[in-house]
Amino acid sequence: MQKERYRGIAWTAIAALMLFGWAATLGSVPAGRSESPARSQSKAQNSSVEKTQTKVVLLGTGTPRPYPDRSGPATAIVVGERAYLVDFGPGVVRRAAAAAEKGTPQLESTNLKIAFLTHLHSDHTAGYPDLILTPWVMGRTELDVYGPEGLEEMTKHVLEAWRRDIAIRTTGLEQRHALVARAHDVKPGVVYQDERVKVTAFRVPHGQWPEAFGYRFDTPVKSIVISGDTSPSEEIVAHCQPCDVLIHEVYSPESVLSMPDYKTYRAKYHTSTSELAEIANRTKPGILVVYHTAGRGPHGPIPDDQLLREIEKTYRGKVAIGHDLEIY
């Protein structure tokens, strides 16, 4: 009789647990069944947003002057899980690694697979061997780079200069895969397009350089224009109407250079703060981001506040003086 009583208590407890477990599963999706249409649609929308989310990461905002807090010119456009570089000044790969550590994993070195070059000046290209070699050593499989005439020749010479290193790493104990770095000399127009971005190159005037480019990036959610090095350009005005972000070089008229007739040089090669304000007034970007802030005054680097004051004398839009590793 007592055994039967215990058995009855046990079955009652089991039944209660089963009932509790069944109740706990109400409102959840049973294994092997599809989710509700509304939940599936929400997930699809979130996935779509992640694929098209666009941000601009300033990897290098400097000039030929080796300021330790400003690496050579390099900008990353990150769209979803893919990164696109513009220029590769000194320090580009390590600045990208720093950005990855700060929360942009798309800029891990092995993800640096697509790049664009504005022109062949050394401060924009001195990081090219680093971009070709370091991510490859870390496991990247290929690199494609697009830019003005001379890029293919430069790439050929970089690979030749490091041929012994490449040979040892591929045929020696490391057993690295073949280094694939494809350079493309391009002309103005659409130079690259995939499901995330369309990239348009346009000519800009940069002194005696026969070919220098600016670039416009169009993603599903944002348009970005990068000037490269240029004096005031009608092409930039045309390609930033409209644009969400205009990244443009600048110098202060109060800055000086240790070269003969530097004022003539500056006027032919670069854009002053007042000239940039005029460009911004004509284009009205969502935000003007100033980089490649060239020049020193009589007492050292031109302060950010001075650059802002000079631009804001005539421009009332949103403007920021860019620094390495900032995100817009």
Round to a whole number: what % of the accessible area of segment 266-305 belongs to carbon and sulfur, probe 1.4 Å? 50
Arranged from highest to lowest average of other beta-carbon atoms within 10 Å per residue, in what order do the peptides 139-147, 298-306 appear? 139-147, 298-306
If the cut-off is 24 Å between C-alpha atoms, which lysines fall inside it for K156, apart from same-chain ones fewer than 8 positions away? K113, K187
How much accessible area per residue does segment 184-287 have, in Å², with a 1.4 Å probe? 43
In a solvent-free Debye calculation with one equal scatterer on each Cα, what is log10 I(q)/I(0) for segment 219-264 at q = 0.18, 0.22, 0.29 Å⁻¹, listed in the order of the q values? -0.66, -0.82, -1.10
Provide the descending list of Cα extents for segment 101-174 along its principal axes, expressed in whole angstroms. 37, 35, 18
Sorted by mean Cβ packing within 10 Å, highest first, what order do the peptides 56-68, 85-97 take? 85-97, 56-68
Bin width 5 Å, alpha-carbon pairs only: give the P(r) of segment 40-173 as whole percents, running from 0 to the bin holding the largest distance. 2, 10, 18, 21, 18, 13, 8, 4, 3, 2, 0
What is the pair-distance distribution P(r) of segment 171-282, computed from all Cα-Cα distances in 5 Å bins starting at 0, with each bin given as a whole percent? 2, 10, 18, 18, 15, 11, 9, 6, 5, 4, 2, 0
Probe 1.4 Å, all protein chains present, accessible-area order of S252, S122, largest first: S122, S252
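The values are calculated or read from the model by the stated rules, or taken from the named source; none is laboratory data. Since we're looking at a predicted model, the values are computed, not measured. Heads up, the Cβs are rebuilt from the backbone with ideal geometry, glycines too, and the neighbour counts pull from every protein chain shown. Note: accessible area is taken over every heavy atom of the protein model, side chains too, but ligands, DNA and RNA are not part of it. Shrake-Rupley method; radii C 1.70, N 1.55, O 1.52, S 1.80 Å.
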